[in-house]
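Enquirer: Mind having a look at this structure? Questions to follow.
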Amino acid sequence: MNDIEAYRQFVKTILNRYSPVSDDSVSSLLSISRVNKFQKGHMLLEVGKVSKTTHILCDGAVVSYYINKEGDLYHKNIFLKDDFVGSTVSALKREPSYFTLEVIEHATLISFDYDKFRQLIGEHIDLKNFYIAYLEKNWVIDKEKREIDIVLKDAGERYIDFITAHPKIEERVPLYYIASHLGITSTQLSRIRKKIQKNI
C-alpha cells in the first residue's frame, strides 16, 4: 500500500529547508511519488544503469560507491535521513551511472520519477526555486567546502567534523565506509580513533 499521504509533512519540511514550497506544489510532488521500504543489501541503482528515480531518505542509510578496474571500492557518499538520494548526472544526461547506490541499513524512501519531477518544476515556480536552492547548496557550497577541507584539514579534523555532524554514525555505518568517504584507509581511521580515545 502506498501510504504517501502519511509523509506529507515530512516531505514539505524537507523542501522548505531549501526554499518555501506551497501545499499545492507538495501535493503535485506526492502525486508522482510512492513509499518504498528496502532491506539491507538492496541495490537502488547499479553501475551501468540509467538513473530514472530520485529518492528522499526517511530513515535508514544508503551508500554510493565506485569500483575501479582493480576491483577496489571507493565510497562516494553516505546518505542518511532527510537526504536526497540518486544520480543527478545520470538522470540529467540519461546516461549509465558510474556508481552504485546500496542500502546498508533498512530504509524507507519517498521515490519519484525524475522526468516527471522535471515537468513539475516547469509548472511550479516554487518547486523550481527549491531545486535551484538544493543544487546550489549541495553541488556548489557543500562540494566546495569538502574540497577545501581535504586540502586544508588533516584526516583527524575531517573525521571529527563528520562524527559531529552525524552523531552515533559509527554505530550504524561500517567504519570502512566512513574511512573511504573521508578519503583515508581503514588503518588510518583506526589510528585516528585510538588517538582521540586516548585524549578523552
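The values are calculated or read from the model by the stated rules, or taken from the named source; none is laboratory data. All values derive from a computational prediction rather than experimental measurement. Here Cβ is always computed from backbone atoms with ideal geometry, including for glycine, and neighbour counts include all displayed protein chains. With ligands, DNA and RNA removed, areas are computed over all heavy atoms of the protein, side chains included. Shrake-Rupley method; radii C 1.70, N 1.55, O 1.52, S 1.80 Å.
Enquirer: Which entries in the list Lys40/Lys198; Lys69/Lys93; Lys145/Lys195 go over 31 Å, if you measure between the two C-alpha atoms of each? All intermediate terms of the calculation are to be shown ahead of the outcome.
Expert: On the way: Lys40/Lys198 34 Å; Lys69/Lys93 24 Å; Lys145/Lys195 25 Å.
Going by Cα-Cα distance, Lys40/Lys198 fall outside the 31 Å limit.
Enquirer: Turning to a different aspect of this structure: Could you provide, to the nearest whole Å², the per residue accessible area of the chain with probe 1.4 Å? List each step's numbers first, then the result.
Expert: On the way: 11740 Å² over 200 residues.
Normalised by residue count, the accessible surface of the chain is 59 Å².
Enquirer: Measure out, as a whole number of angstrom, how far apart the alpha-carbon centroids of region 77-144 and region 145-185 sit.
Expert: The two parts, judged by their Cα centres, are 22 Å apart.
Enquirer: Hey, another quick one. With the Cα gyration tensor of region 24-65 in hand, convert its eigenvalues to equivalent ellipsoid semi-axes via √(5λ) and list them largest first in whole Å.
Expert: Each semi-axis is the square root of five times an eigenvalue, giving 23, 14, 8 Å.
Enquirer: Nearest 500 deg cm²/dmol is fine: what mean residue ellipticity at 222 nm does the chain get from its DSSP H runs of n ≥ 4 alone, each adding -39,500 (n - 2.57), divided by its residue count?
Expert: Helices in the chain give a 222 nm mean residue ellipticity of -13000 deg cm²/dmol.
Enquirer: Can you sort Ile56, Ile150 by 1.4 Å-probe accessible area, starting with the largest?
Expert: Ile150, Ile56
Enquirer: Something else: What fraction, in whole percent, of alpha-carbon pairs in the chain exceed 29 Å separation? List each step's numbers first, then the result.
Expert: Values: 5597 of 19900 pairs.
The answer is 28 percent, as a whole percent.
Enquirer: Determine the dipole magnitude for the chain: charges of +1 sit on the beta-carbon of Lys and Arg, -1 on that of Asp and Glu, nothing else is charged, the reference point is the Cα centre, and the result goes in debye to the nearest 20.
Expert: 500 debye
Enquirer: Mind computing the radius of gyration and Dmax over the alpha-carbon atoms of region 70-161? Å is fine for both.
Expert: In order Rg, Dmax, the Cα atoms of region 70-161 give 16.0, 46 Å.
Enquirer: Determine the share of region 48-198's accessible area contributed by carbon and sulfur atoms, expressed in whole percent, with a 1.4 angstrom probe. Mind dumping the intermediate values first?
Expert: Numbers: 4650 of 8650 Å².
So the carbon and sulfur contribution to the accessible surface is 54 percent.
Enquirer: Another question, then. For Lys137, go through the aspartates and glutamates and keep the ones whose alpha-carbon is under 19 Å away, minus same-chain ones fewer than eight residues off.
Expert: Filter leaves Asp82, Asp83, Asp126, Glu147, Asp149, Asp161.
Enquirer: How would Tyr176, Tyr114 rank on accessible area, largest to smallest, probe 1.4 Å?
Expert: On the way: Tyr176 120, Tyr114 10 Å².
Highest to lowest solvent-accessible surface, that is Tyr176, Tyr114.
Enquirer: Any of Lys168/Lys194; Lys76/Lys153; Lys81/Lys116 with alpha carbons more than 26 Å apart? Name them for me.
Expert: none
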